Every structure is written in C-alpha cells, then in structure tokens.
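Below is one structure. I have some questions about it.
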Amino acid sequence: MTDNKEKTILSTRDVHLWYGKKEALHGIDLDFPEKGITALIGPSGSGKSTYLRAINRMHDLEDNVTVTGSFKFKDTDIYAPTTDTVDLRKRIGMVFQQPNPFPFSTYENVAFGLRLAGVKDKAVLDEAVEKALKQSSVWDEVKDNLHKSALGLSGGQQQRVSIARVLATSPELLLLDEPTSALDPVSSHNIEETLLKLRDDYAMIIVTHSMSQASRISDRTAFFLSGDLIEVDETKHIFLDPAKKETQDYVSGRFG
C-alpha cells in the first residue's frame, strides 16, 4: 500500500476544465506517489478520463477546451508555454481503451518511440524491445514472430504490445484509460497481472469502470462524480469504509 512518506511524482491543484462553456472538472486537487497504482472510479461522464487526458495535455489536440489550475510533474510545470509536449508524453506514457498497434511489425511498434528519439544502434534497440516486451508479459508469445505485423495478434496481445511501446521509452508515469474494457476476461486478467508486476517500478493511474478491478490492483482509489473529486484514500478504505455517503452509494451499487 501507499506509504505517506513516499515522494510525490505528480501534484494537481484546483484543476478546472471546460468544453466550450460546459465545465467538466470543478477544481480537482490530487497527488500521486512515485510508485504504485491509483484507480480513478466513478460513473460515465464523471470526469475520470477528462482528468487523465489533461495530465499529458491530450486536450491540446481538441478545439474549444480550456484547462486551468496547477499540474506539477516532478520538476516540470506541465502547462508552462516552454514545456515540450513530445518530451512530456515520453515521460508520461498513455495506454488507451482500444489496443492501438501501428500497422507494422511488433518489433517496430515497440521500437517506434526510440527511433523517434534518434536511437539507431540495433543492439540498443534489440535490448530495449526485448526488455519492454518482457515487462509487459508478452515476450514469450511474440518472440518468434517479432517481425510479423502486430495487427495479427489477439486483442489482449495487442494491448500488451501497446504497453510495451510506452515502456520502451522509459516513462516515469503511466496513464491507462480503461485498458481492459475492450478485452475478454482472460486477456483482462493478463493485463492486470502485468500491471501488478510493474507497480513497484512505476507510478500508474488507471481509469476503470470495473470496481472489482480497482479493488484487485490499485493501492489508492479516487472517486469522481459529476466533475468533482468526492474522495481519495487507500483502496481498502474506499471500498470497506468510505468517508462520504456518495462513495458508499456508488461502491455498493446503488447508482452508476
């Protein structure tokens, strides 16, 4: 479980976000430790994914979105005009809901970010690709077909290759937006096992609609409702002894 003495890797304060004139986040204050898994739960439209995407400035790619507040990532002000978003997204990797391998080989998928960063040495690329695929628990399944298209893999394998692609660039924080919602139960279990193996080496924030998933794999859980952060605590407290009635109603299945 999260140790209160752990260093904070990300601190957000008074985060507001508008889609046009509609306010979607109402002053979110959240801190994240350097290691471990924090789950963001809440009903559809509660602001979980909106908040997650704001962390690595994915909303920059959308029109008519306004973000205010403080996002401090280690020594970086995420929304400072001088912040390089390409470098930021290397340090803060993102895994999406749908597996999204590029239409080329598994090897080139994982090597993509490194090639983008200028790495050309084949031995360095080989080592990094193997390490990332092992970290994402898919190496044994793909090692004999590394140079075949990743699009030929199963959905669960594609998602683990997508995780490997992010890990290859040595991120400091992983954002996962419902990474198992498009997968079958066996593939979902494999992804969860992968994340549990990574929790001691990475800070991870996972948006999930599955409360059982949050309870199984996360150290801390934050409950969002209608754009507000209702409560954040160790996962066992959120599920067994929440402080707020809204949290109790949600985790007990009374709504959502």
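The values are calculated or read from the model by the stated rules, or taken from the named source; none is laboratory data. Note that the structure is predicted; figures quoted are calculated from it, not measured. Using ideal geometry, Cβ is built from the backbone for each residue, glycine included, and neighbour counts are taken over all protein chains shown.
State whether the residues of the range 156-167 include one that is closer than 22 Å to residue 97 by Cβ, assigned to a loop (DSSP other than H, G, I, E, B) and either out of contact with any Lys or Arg (no Cβ under 9 Å at 6 or more places or on another chain) or among the aromatic types (Phe, Trp, Tyr) (or both).
no
On to the next question. Looking at the range 22-36 only, could you name the residues that are touching a residue at least 60 places away in the same chain (Cβ under 8 Å), in a strand (DSSP E or B) and over 17 Å from residue 231 (Cβ atoms)?
Within the range 22-36, 23, 24, 33, 36 qualify.
Test residue 186 against the criterion of being modelled with pLDDT under 95, out of contact with any Phe, Trp or Tyr (no Cβ under 6 Å at 6 or more places or on another chain), of a type in the set (A, V, I, L, M, F, W, C) and more than 30 Å from residue 87 (Cβ to Cβ), and give yes or no.
Yes: the conditions hold for residue 186.
Further question: Quick one: which of 175, 153 is buried (at least 16 other Cβ atoms within 10 Å of the Cβ), in contact with a helix residue (DSSP H, G or I) (Cβ under 6 Å, 6 or more places away or on another chain) and modelled with pLDDT of 95 or more? Before the answer, list the steps.
Working: 153 fails: in contact with a helix residue (DSSP H, G or I) (Cβ under 6 Å, 6 or more places away or on another chain).
Within the list 175, 153, the selection yields 175.
Within the range 178-254, which helices (runs of 4 or more DSSP H) (wholly inside it) include 1 or more residues that are free of Cβ contacts under 8 Å to residues at least 12 places away in the same chain and closer than 25 Å to residue 136 by Cα?
185-198, 211-217
Another question about this same structure. The conditions are (1) on the phi > 0 side of the Ramachandran plot; (2) modelled with pLDDT of 95 or more; (3) of a type in the set (Gly, Ala, Ser), and residue 70 fails exactly one of them. Which is it?
Just one mismatch for residue 70, condition (1).
OK, next. Which count do you get for residues in the range 110-120 that are under 24 Å from the mean Cα position of the chain (by Cα) and free of Cβ contacts under 8 Å to residues at least 40 places away in the same chain?
Total satisfying the criteria: 2.
Cβ-Cβ below 6 Å, separation at least six or inter-chain, first residue in the range 1-16 and under 15 Å from residue 228 (Cβ atoms), second at pLDDT 55 or above and of a type in the set (Phe, Trp, Tyr): which pairs?
Within 6 Å, the pairs are 12/71.
So, one more: Restricting to the range 121-136, name every residue that is more than 17 Å from the chain's Cα centre (by Cα) and either closer than 27 Å to residue 205 by Cβ or buried (at least 16 other Cβ atoms within 10 Å of the Cβ) (or both).
Of everything in the range 121-136, those that are more than 17 Å from the chain's Cα centre (by Cα) and either closer than 27 Å to residue 205 by Cβ or buried (at least 16 other Cβ atoms within 10 Å of the Cβ) (or both) turn out to be 125, 128, 129, 130, 131, 133, 134.
Report yes if residue 80 is surrounded by fewer than 18 Cβ atoms within 10 Å (Cβ to Cβ), under 30 Å from residue 21 (Cα atoms) and either over 21 Å from the mean Cα position of the chain (by Cα) or among the charged types (D, E, K, R) (or both), otherwise no.
Working: surrounded by fewer than 18 Cβ atoms within 10 Å (Cβ to Cβ): yes; under 30 Å from residue 21 (Cα atoms): yes; either over 21 Å from the mean Cα position of the chain (by Cα) or among the charged types (D, E, K, R) (or both): yes.
When the stated conditions are applied, residue 80 passes them.
Which residues, counting only those in the range 43-92, are assigned to a loop (DSSP other than H, G, I, E, B), small (Gly, Ala, Ser) and touching a Ser or Thr at 6+ places or on another chain (Cβ under 8 Å)?
45, 46, 47
Here is a check on your reading of the model: is residue 172 closer than 21 Å to residue 111 by Cβ and among the charged types (D, E, K, R)? Walk me through it before giving the result.
Details: closer than 21 Å to residue 111 by Cβ: yes; among the charged types (D, E, K, R): yes.
Judged against the criteria, residue 172 is a match.
I've got another one for you. In the range 198-256, what residues are closer than 22 Å to residue 160 by Cα, surrounded by fewer than 21 Cβ atoms within 10 Å (Cβ to Cβ) and in contact with a Ser or Thr (Cβ under 7 Å, 6 or more places away or on another chain)?
Across the range 198-256, the qualifying residues are 209, 215, 219.
Another one. Of all residues in the range 98-120, which are closer than 25 Å to residue 88 by Cβ and either surrounded by 19 or more Cβ atoms within 10 Å (Cβ to Cβ) or among the charged types (D, E, K, R) (or both)?
Matches in the range 98-120: 99, 101, 108, 109, 110, 111, 113, 114, 115, 120.
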